1. Just wondering, is there one or more residues in region 98-110 that are outside any helix (DSSP H, G or I) and at pLDDT 80 or above?
2. If a residue counts only when it is at pLDDT 85 or above, which helices (runs of 4 or more DSSP H) contained entirely in region 230-290 have at least 2 such residues?
3. Which of the following residues is surrounded by 15 or more Cβ atoms within 10 Å (Cβ to Cβ) and either closer than 16 Å to residue 89 by Cβ or without any contact (Cβ under 8 Å) to a residue 60 or more places away in the chain (or both): 229, 169?
4. Inspect all residues belonging to region 143-151 and state whether any of them is closer than 20 Å to residue 213 by Cβ and in a loop (DSSP other than H, G, I, E, B).
5. Yes or no: region 129-144 includes at least one residue that is touching a Pro at 6+ places or on another chain (Cβ under 9 Å), closer than 30 Å to residue 276 by Cα and modelled with pLDDT of 85 or more.
6. Being without any contact (Cβ under 8 Å) to a residue 12 or more places away in the chain and of a type in the set (Gly, Ala, Ser) is the filter here; which residues of region 184-210 pass it?
7. Can you tell me which residue in region 38-85 is nearest to the chain's Cα centre (by Cα), limited to those that are crowded, with 17+ Cβ neighbours inside 10 Å, free of Cβ contacts under 8 Å to residues at least 60 places away in the same chain and under 18 Å from residue 195 (Cβ atoms)?
8. Can you confirm whether region 225-248 contains a residue that is in contact with a Lys or Arg (Cβ under 6 Å, 6 or more places away or on another chain), within 21 Å of residue 290 (Cβ to Cβ) and of a type outside the set (Asp, Glu)?
Amino acid sequence: MTALATDGRRRLRRPSDAIVLPLVLLLLVTAITVSIAVGPRTLSVDELITALTAPTGTEADLIVRDVRLPRTFIGIAAGAALAVAGVIMQTLTRNPLAEPGLLGVNAGASFAVAIAIVVLGIGDFASTMWFAFLGAALASALVAVIGGVGRRASIGRLALTGVAIGAVLSAGTSALSLIDPHAYQAMRLWGAGALGGRSLEAATLTLVIVAVGLIVVVLIAPGLGLLALGEDTARALGGRVGIARLGGFLAIVILCGAATAAAGPIAFVGLLVPHALRAVFGPDTRRLLVYSALAGPILLLFADVLGAVVIAPRSIPVGVMTAFLGAPVLVALVLSRRVQADGAPS
């Protein structure tokens, strides 16, 4: 069904949240269940319930609690973080092709983690997490200083600065990973993007930090909604553009820092999820933020499960799988011409 716009053009009628939200939540629950149950060894429903409620130390219990539950928690946290950060990045730059890496955030976090592992010999998650935050913050601050984030900031200059700094930091990460063969092995899997290899405590810490970042997003969501209309319009409507932009940068640093430290630099999630949702819901920033927080984990968990079973007993890193799955979908979205430069469907 379509409705006639006031300017004579026809526009799509957006689906109701009463219909879409329960379906998305059901899909998320399914993705979580599949992530815990499916792998090189598929667990039965009884084994899964026992491992989660009354573990007795069986092989199935160890698989669930030591391997798949942490992997699932990190998938939820990283998926939500990257997808929501993508929406914020696209709103701040008013560019539907923007993603968190545009500010050099992921590259800064990766470079800092590489320094921690290769130069300082630090390998525990709690320490690398703070290095990732520091790297993300410094990279985004450097981009902001050079590109400008004030009222007269140039979005094009900001984007070009982010791409340049991200390229330099990525090259530095690659160089560091080649210095020490042992460090290279540790960096190789992490650099490809992987959800496994973390403890349950580390995965829980990731969830908590991402939750803090999402709270920041909730606080600035009204300002982001106005900012999506343009800075002049936002100011005319009483929006505090500076606070919304600063809060957006802070949220991106927290979310991308946690996701990158936990799972490595995972591509396409922050670009694909907002793009796909915008084709369904249009440029409504608040709806995009809510559904991105749900759709990001769905994409990442299903991609991880697929990577775990397609060449079992070996696995494909989730970062590789998101590239395989995301690139064709993104090309299809572009070719369909349903997403235009302003984020509105044609």
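1. Narrowing region 98-110 to residues outside any helix (DSSP H, G or I): 98-99, 104.
Restricting the remaining residues to those that are at pLDDT 80 or above gives 104.
Scanning region 98-110 turns up at least one residue that is outside any helix (DSSP H, G or I) and at pLDDT 80 or above.
2. Working: elements: 231-236, 241-263, 269-281.
Helices (runs of 4 or more DSSP H) meeting the threshold: 241-263, 269-281.
3. Numbers: 169 fails: either closer than 16 Å to residue 89 by Cβ or without any contact (Cβ under 8 Å) to a residue 60 or more places away in the chain (or both).
Sole residue among the options that is surrounded by 15 or more Cβ atoms within 10 Å (Cβ to Cβ) and either closer than 16 Å to residue 89 by Cβ or without any contact (Cβ under 8 Å) to a residue 60 or more places away in the chain (or both): 229.
4. As a first pass, look at region 143-151 and keep what is closer than 20 Å to residue 213 by Cβ: 143-144, 149.
Restricting the remaining residues to those that are in a loop (DSSP other than H, G, I, E, B) gives 149.
Checked against the condition, which is being closer than 20 Å to residue 213 by Cβ and in a loop (DSSP other than H, G, I, E, B), region 143-151 yields at least one hit.
5. No: region 129-144 contains no residue that is touching a Pro at 6+ places or on another chain (Cβ under 9 Å), closer than 30 Å to residue 276 by Cα and modelled with pLDDT of 85 or more.
6. At the first step, the residues of region 184-210 found to be without any contact (Cβ under 8 Å) to a residue 12 or more places away in the chain are 184-185, 188, 197, 201, 208.
Result: 197, single match.
7. 68
8. Yes: region 225-248 contains one or more residues that are in contact with a Lys or Arg (Cβ under 6 Å, 6 or more places away or on another chain), within 21 Å of residue 290 (Cβ to Cβ) and of a type outside the set (Asp, Glu).
The values are calculated or read from the model by the stated rules, or taken from the named source; none is laboratory data. Computed from a predicted model, the values in this text were never measured in an experiment. Cβ atoms come from the backbone with ideal geometry, glycine included; neighbour counts cover every protein chain shown.
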